[in-house]
Amino acid sequence: MKSWKAWKAKHSNELTLLLILLGVFVLMSVLSPSKFLSPGNIQTMAFQMPEFGLMALGMMAAILTGGINLSITSVGALSGIVSAFVLSSPWAKTNPVLATLLAVVVCVAIAALTGLLNGFVIAYVGVAAMLTTLGTMTLFDGISLNLTKGGSIAGFPSLFIQIGNGSVGGIPIPILIYTVAVVAAYYILERSAWGIQVYMTGCNRIATSFSGINTKRTLLLVYVFSSVMAGLGGLIIISRYNSAKVDYGSSYMMNSVAAVVLGGTSINGGHGTVAGTVIAVAIIQMVSSGLNILGVNRYIVDIVIGVILIAVLAIRSLAGIYDRAKLLRKHTAS
Amino acid sequence: MKKVLALILSAALCLSMAACDGGSTPTTVGSQPAADSGKTDSADESKSGTKTIAVMPKLVGIPYFTQTGEGAQQAGKDLGVNVIYTGPTKADAAEQVKMIEDLITRKVDAICVAPNDAAAVIPVLQKAKAAGILILDWDTPVNDEVVDASVHQIDDKEFGEHLVDQLVKAMGTDSGDFAYVTGGLSAPNLNAWYDAGMAYAKTKYPNLHLVTDKIPTDEKQQVAYTKTLDLIKAYPDLKGIVALSTPAPLGCAQAVREKGLQGKISVVGSAVEADSQEFLEDGSLDSASLWDCASLGYLTVSIAKTMLDGQKLTNGMELKGKDGTIKLQLKSDGKTIIMGPPADYVKK
Amino acid sequence: MDGAFLELDHISKTFPGVKALSDVHFDILPGEVHALVGENGAGKSTLIKIMSGVYQPDKGGVIRVNGKETNISGTIDAIRQGIAVIYQDFSLFGNLTAAENIGINGAIDKNRLVVNWKKMYQEAKKALEIVGADIDPSVTLGNLSVAKQQMVAIASAIAQDAKMIIMDEPTSSLSKTEIDKLFEIIGTLKKKNIAVMFVSHKLDEVFRVSDRITVFRDGRYISTAKSGEVNTDQLISMMVGRKVLDKNYANLEKKNGVALEVNRLTKEGNFKDISFRLFKGEVLGITGLVGAGRSEMAQAIFGINRADSGEILVDGEKVRINSPTDAMNAGIAYIPENRQTQGLIQDQTVESNIALPLLKHYTNRIGLVKRGNQRAFAEKWIDRLDVRPKNPELLAMQLSGGNQQKVVLAKWIAADARILIVDEPTNGVDIGAKAEIHRIIREIAAAGTSVILISSELPEILSVSDRILVMRRGRIAGEFVNKDVTQEMIMDKALVSNR
Amino acid sequence: MKKLLRKKEFSIFLIIVFISIVITVASPTFLRPDNLIDVLKGNVVLGIMALGMLPVLISGGIDLSVTGTIALSAVLCGKLMVTYGSNIWMVFLLAILIGAGIGFLDGIIIAKLRIPPIVTTLGMQSVFVGIVLLYTNGDWITNLPPWFKQFGTFTVGVLPNGSGGTLGIPVQIVFLIAAGLITWFVLKYTLIGRGIYAIGGSRSSALRVGYNIDRIQVFIYMYCGVMAGIAGVLHTSIVQQVDPNTFTGMELNVIVAVVIGGASTVGGSGTVFGTFLGVILMAVLENGMVLARIPTFWQKIVMGIIIVIATSFDVINHKREQNKLVRVDIEE
């Protein structure tokens, strides 16, 4: 019982989010049982969430260090486009298996490269993350545009299409990939030595480097991680849409920031959990498809998400102020 | 403390839901059945006797697609079917796919889509078909066996060439510098018009000289306006501009008007009549070519209805059109419908 | 005392756990320079904070301004009553011009809507002239030398027509000539009948400027004397007290090999020609005034800021140290002076703080942290250093200063470095914890670790170290074997330019 | 001279000069007054919003909600004119009220609820953009009253245009200059303006000196909002119709412009002059891309590279200065 209390205290934020998620789910189900609860819809959401979720995980890593990665969707698009060239090449027709594998490798590689660029400028040159990624966002978009000449690249091997559209035992492949990525992200960020360094750097970069940790390297890798997540997202996107194009998923950029912050990650870095982000992503996903199914005006979705974001943070910070006051009273008492 | 948070949020949600009642009507312009189908969970649209036809534009909220929407809704009333006219808020293929997926969940009877990106929608359309939904495309072809019928306001090739002819007519000569200003570099149909136009110009008007690659204006009149100003200066000998996408011609015309170059530079393009009137008046816009958008929307619904009623499409069959009955122009493939030649709007 | 501008009586201040001041007295006359001296932790800064309204004294204390009893409710109130403080960090705006730093308080005080730059510049100019500083009011403060910034701070105090200016360690980072200049300024302030409270370690300076000197020790008032009537040695003995120091240093000259050797280490503008040897299992005390370049030197050895020239040998091997990581690999650990921002990650748990430098020790092959081991490890060290409360899940910031310091120690002792550099380990730590920390240092030395103890607290140095180096203005000014060396001898080296 | 060189603005000034030279070589028309006027007019909206963003960044905050503000202002003012005819004063009054209102919300939430600015304004942005599109359904607002169109094309004064004739200064540019002067005055001469710098420089010291930080913050965001509101009207006056979708993504351009102009994202520094330079740099790039006949598909790439380089350049300079600091004066 006591341990449960402790656990509860430790994860109160995630629990609150779960409660909200539940609330949304119930609300939607009540408003439209036959549609929202239909297996079809559940599956649809399972298909839609991963690409967004991956972007959000990438964004989270950057925000954990007190930075931000505005180039995230551009990275997704760029790496997607490059691997699309591999997939649409005549050679791919003849041997789809190799092509698909190569595409994945290329996608991740390109993403990693973009991450290295971001990371280098941010960690070693020392430019503010926001500025750097604003610049590289334009740069990457430019490259994508240049490569595609604005058109879309299509005609992938059907094997590759499966990545985004297939399912095994009724479970969509994207959600499987996403699950793997989430677990990986959890272990990398919250359980690995490097991950802990990320959190520490986010909390207090000086003290961390005084502890003999190479914070520059840590930071560099954070942006590589961020980009790779975006790359995977891009991969799923091009597979789902059976084509690659510059502006695919552009709408995810600010949404992913919202998801991360909603998930309890501090915008100043150092605190936040993968679980929180994942739940927040689910909330946003549910709100938006839910409202869609209800035939509600598209624009309402943005409004609702904005309101939820501010409301959650407002109450969080009020709670924080309240707790701090309590702590103070305790101190002065002693 | 945290409990409160959860409560307040659910409250916030309910509120926004309430807001929807008022809000939802716009996107589903006037089509009551669709509008309230959300709140009072009238089960599946199909169960409620009348058929439900979903018409999805590339995006909602630009004049062109508002007019097509009105046409579609009109048809809905006349033909006694529910028409859901809804689409993404920006021309993003990803958004569009999601919304189609949600339409499948809503178990509509037919989906007529104007795809932002043909390839992108094919997988989801296949899903829809698997769910027994009738698939049409309109405005922009999907070019895939998944569609049961494809409604073309006009053949892209013809239209691209038509615009070039219009330009030559406006310039009064078939030689000189000209430029293309386009809505976006990644809009398939605009690119199709451009490519067709260029190929045509090369062969038919060899003396027409394109000064620079097509200039993107991200579907914004203001950008088209400034870019045109730049164009005019960068290429002093510029004689004509072909402006693709509905905002672009207006922006170009505005620039020409401001510089008082009506006589010197001719602007033709694809624009909605209503908006282009004022520019046509003072000659800053020489001609705007476009099909009757409302008819397009109407025709699409009307064809969908016919097919849902189980009739087979045949060339020349009688069909209810926006302005009385029309003869169906069906191509040999048995599924490609051409609405007819574009209308050219010029100074009245 | 009659005619005193400010007078404090029976002032006490208690914090959770610590009694910082107990029943102290202080008064200052208009146009008088009154020095307050005492070792670290004597309660000087607490008194300043009370005078400047940052703290409120405990009940029973009396504050009189111009003979009228009053209380100083806050920093703004202090300024209104004519008391200005020049903190060591000056609390100025580096991004604004000198003129604005001087003039803005006035504008705010009068709650003007529009700033009159012409007037502000005039006031600033006037104030700077009074100070006698040749500073262009339009220059951005950040681009000025520390000394000039200090002058700006003084000028701003004058601009707010302060009747009394408190200077906290004003000379700590000034050059010889700059100090002379400062004293001139203090002279002019006297003429303007402004009282100056001069808080400093540096006795030779104290004697130079002050009319009266008050000595505090361990939060108590010791005595006040006219500066003519006491000499350095008396003063030092008052500060130090007649307490017998338990010199529990292990033994002299234990020559079981050199652990660390530093040769002619030099960094422009930080330190010059630092050469010394550190023996195995020895505690080498390095003392000197704040700003003598001790921390800079230590940080160079730890690779935080690279030295320009010179060499470092560990166990006779020459090592290249360009980053803390290099230093750790060479077996060197550094416990920084500023616990709050450099030593600890305040909003992380004690456990993760302790474990941070050693992460790789409890990570498995694929780089995951073995939580069990980490927890066990953390608990072991919490136990061994008796960190209270014994809860590895507490956030570092929830601990008292002493326990925080223990956590920092644990973190590095655990990393069992062969060479441990400890920078001001007992800064702002209560007596009990202090003793413990000393014990811990001796223990690890006994266990064979070589320790460099940097401290400006002589009793600490004397009670813990085997040998003592004294630094002054970026150089090593003297070396003692901790046998019959006295605080007086050390002070002498640290303070007085070769006499 | 040395002082000038040390100024942040100077490096970007050099970049502008350099780029201008390149462009002019490619196309002499660039330096023609009428072109410069056009460039300026085309960026009035960006400029005014940047002037609003400047104080926010100086204080160490950020405002992403400007997109929502300008959209709402443009739309409501448009509706006002179309439905009630109204007059120019009412229009601007409405725009200012809208901006002030949204800004006030931002400021209160940031100051009182202590939600980080970036999060607050991000949320506000999606709310207000949503509201705008919900209200208009994204439809354009056209056939504005003639008096407004005249206002839009109104010009003052006469300049020689390169080719013999003369041209006037568009009213929008007059507004930009006015906004510049006002912002400059507010930042330089008002106590609140100085407070903005103080907060950005050192929050704790600002408190110690006695600034009312909450009040100042609310003011900052209201000011930013008002500027965005006015920008909305001016945008409409240039384009002569309202397209609610046209503003998406604008906030990032605004921020880039201000930061390129020397304002630091951590606060404390930034000047009106620098912001002008920042806006001009962005404008010149946009305009020059076509004039210099850079292939369409390379323009974005060039843009991105220039932004990254420009920012790095500045940071590196700053670092070099920091290393020169002397800590201890060594006894010789």
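Just so you know, all these numbers are worked out from the coordinates, no wet-lab data involved. It should be emphasised that the depicted structure is a prediction, and the values quoted were computed from it without experimental measurement. Cβ: placed from backbone, ideal geometry, glycine included. Neighbour counts: every protein chain shown.
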(request) Taking the dipole about the Cα centre of segment C:6-240, with the C-beta of Lys and Arg at +1 and of Asp and Glu at -1, give me whichever of C:VAL146, C:TYR221, C:GLN81 is farthest to the positive side. (result) C:GLN81
(request) Determine, for B:GLU70, B:GLU145, the number of other Cβ atoms within 10 Å of each Cβ, and report the residues in order from fewest to most. (result) B:GLU145, B:GLU70
(message) Between C:THR70 and D:TYR84, what's the calculated FRET efficiency when r is the beta-carbon distance and R0 is 51 Å? Round to 0.05.
(response) 0.25
(message) Nearest 500 deg cm²/dmol is fine: what mean residue ellipticity at 222 nm does the protein assembly as shown get from its DSSP H runs of n ≥ 4 alone, each adding -39,500 (n - 2.57), divided by its residue count?
(response) -17500 deg cm²/dmol
(request) Count the net charge of all other residues whose Cβ sits under 13 Å from the Cβ of A:VAL222, scoring Lys and Arg as +1 and Asp and Glu as -1. (result) +3
(request) Between D:VAL266 and C:ASP134, with labels modelled 7 Å along Cα→Cβ, what's the label distance in nm to one decimal, could you check? (result) 3.4 nm
(request) Note down the Stokes-Einstein diffusion coefficient of the protein assembly as shown in µm²/s, whole number, using a Kirkwood radius over alpha carbon pairs, 4 °C, and 1.567 mPa s. (result) 36 µm²/s
(message) Quick one: 3J(HN,Hα) in Hz for segment D:237-246, Karplus 6.51/-1.76/1.60 with θ = phi - 60°, rounded, Gly and Pro as x.
(response) 5, 7, 7, 6, 7, 10, 10, x, 7, 6
(message) Cut-off 15 Å, label point 7 angstrom out along Cα-to-Cβ of B:ALA274: give me the residues of segment D:58-93 whose amide nitrogen falls inside.
(response) D:79, D:82-83
(message) Quick check on my link table: of B:LYS157/B:LYS347; A:LYS149/B:LYS90; A:LYS10/D:LYS112, which ones sit more than 24 Å apart, alpha carbon to alpha carbon?
(response) B:LYS157/B:LYS347; A:LYS10/D:LYS112
(message) Taking 0.36 nm per residue of sequence separation and subtracting the Cα-Cα distance, how much length would be gained by fully extending the chain between A:VAL26 and A:PHE85, in nm to one decimal?
(response) 16.9 nm
(message) Please enumerate, by chain and number, the lysines with C-alpha under 20 Å from the C-alpha of B:LYS107, excluding those fewer than 8 residues away in the same chain.
(response) A:LYS35, B:LYS39, B:LYS47, B:LYS51, B:LYS98, B:LYS127, B:LYS129, B:LYS305
(request) Convert each backbone phi in segment D:263-275 into a coupling constant with the Karplus relation 6.51 cos²θ - 1.76 cosθ + 1.60 (shift: θ = phi - 60°), then list the ³J(HN,Hα) values in order as whole Hz, x for Gly and Pro. (result) 6, 8, 6, 8, x, x, 10, x, 9, 4, 4, x, 4
(request) Within segment B:250-273, find all residues whose amide N lies under 13 Å from a label point positioned 7 Å from the Cα of B:THR173 along Cα-to-beta-carbon. (result) B:264-266
(message) Once you place label points 7 Å from the Cα toward the Cβ at B:THR314 and C:SER22, how far apart are they in nm?
(response) 11.4 nm
(request) Please list, or write none, the aspartates and glutamates whose alpha carbon is within less than 15 Å of the alpha carbon of C:LYS390, excluding same-chain residues fewer than 8 places away. (result) C:GLU351, C:GLU379
(message) In whole Hz and in residue order, list the ³J(HN,Hα) couplings for segment B:198-212 that follow from phi through the Karplus curve 6.51 cos²θ - 1.76 cosθ + 1.60, θ = phi - 60°; x for Gly and Pro.
(response) 5, 4, 4, 4, 3, 7, 7, 10, x, 8, 6, 10, 6, 6, 8
(request) Please report B:TYR298, B:TYR235, D:TYR189 as a ranked list, fewest other C-beta atoms within 10 angstrom at the top and most at the bottom. (result) D:TYR189, B:TYR235, B:TYR298
(request) Find the relative contact order for chain B and round it to a whole percent, using C-alpha pairs within less than 8 Å whose residues are 6+ positions apart. (result) 16 percent
(request) Holding the Cα-Cα limit at 24 Å, pick out from B:LYS227/B:LYS259; C:LYS360/C:LYS380; B:LYS58/D:LYS41; B:LYS58/B:LYS335; B:LYS227/D:LYS300 the pairs that are longer than that. (result) B:LYS58/D:LYS41
(request) Could you list which residues have their amide H under 5 Å from that of B:SER266, counting only those 5 or more apart in sequence or on another chain, with H placed in the peptide plane? (result) B:GLY240, B:ILE241
(request) For C:LYS19, list the aspartates and glutamates whose Cα falls under 13 Å from its own Cα; do not include residues on the same chain fewer than 8 positions away. (result) C:ASP58, C:ASP218, C:ASP430
(request) Tell me the label-point distance for the pair A:VAL97, C:VAL258, using the 7 Å Cα-to-Cβ offset, in nm and rounded to one decimal. (result) 6.6 nm
(request) Give me the percent of DSSP beta bridges within segment C:6-240 that run antiparallel, rounded to the nearest 5. (result) 55 percent
(request) Specify the angular offset, from 0 to 90 degrees and rounded to the nearest 10, of the alpha carbon long axis of helix C:401-414 from the longest principal axis of the alpha carbons in chain C. (result) 30 degrees
(request) Give the percent of DSSP beta bridges with both residues in the protein assembly as shown that are antiparallel, rounded to the nearest 5. (result) 45 percent
(message) Tell me whether chain A comes out rounded, prolate or oblate; compute the Cα gyration tensor, take square roots of the eigenvalues as a ≥ b ≥ c, and use a/c under 1.5 as the rounded threshold.
(response) oblate
(message) If I take every Cα pair under 8 Å that is 6 or more residues apart in chain D, average their sequence separation and divide by the length, what percent do I get for the relative contact order?
(response) 34 percent
(request) Please give the FRET efficiency for D:ALA26 paired with D:THR190, using the beta carbon to beta carbon distance and R0 = 51 Å, rounded to the nearest 0.05. (result) 0.70
(message) Given contacts defined as C-alpha pairs under 8 Å and at least six residues apart, what's the relative contact order of chain C, whole-number percent?
(response) 15 percent
(message) Let me check I've understood the local charge: for B:LYS90, count other residues with C-beta under 11 angstrom from its C-beta, Lys and Arg +1, Asp and Glu -1. What total comes out?
(response) -3
(request) Determine which residues of segment C:91-118 fall in the zone a paramagnetic label at C:ASN338 would reach in this model, i.e. backbone nitrogen under 17 Å from the point 7 Å along Cα→Cβ. (result) C:91-95
(request) Can you figure out the FRET efficiency of C:SER237 with A:VAL183, using R₀ = 51 Å and their beta-carbon distance, to the nearest 0.05? (result) 0.15
(request) Mind checking the full-extension length gain between D:LEU207 and D:PHE273? Use 0.36 nm per residue of separation minus the Cα-Cα distance, one decimal, nm. (result) 21.0 nm
(request) Partner chain Cβ atoms within 10 Å, averaged over the residues of A:190-199 - can you pull that number for me? (result) 5
(message) Can you tell me what share of the DSSP beta bridges in chain B is antiparallel? A percent to the nearest 5 is fine.
(response) 20 percent
(message) Rounded to the nearest 20 debye, what is the charge dipole size of chain B about its Cα centre when +1 sits on each Lys and Arg Cβ and -1 on each Asp and Glu Cβ?
(response) 460 debye
(message) Let me check I've understood the local charge: for C:THR287, count other residues with C-beta under 14 angstrom from its C-beta, Lys and Arg +1, Asp and Glu -1. What total comes out?
(response) -3
(message) If I fit a long axis through the Cα atoms of helix A:39-64 and take the longest principal axis of the Cα atoms of chain A, what angle between them do I get, 0 to 90°, rounded to 10?
(response) 70 degrees
(message) Between segment B:276-332 and segment D:156-211, what is the separation of their alpha carbon centroids in Å?
(response) 54 Å
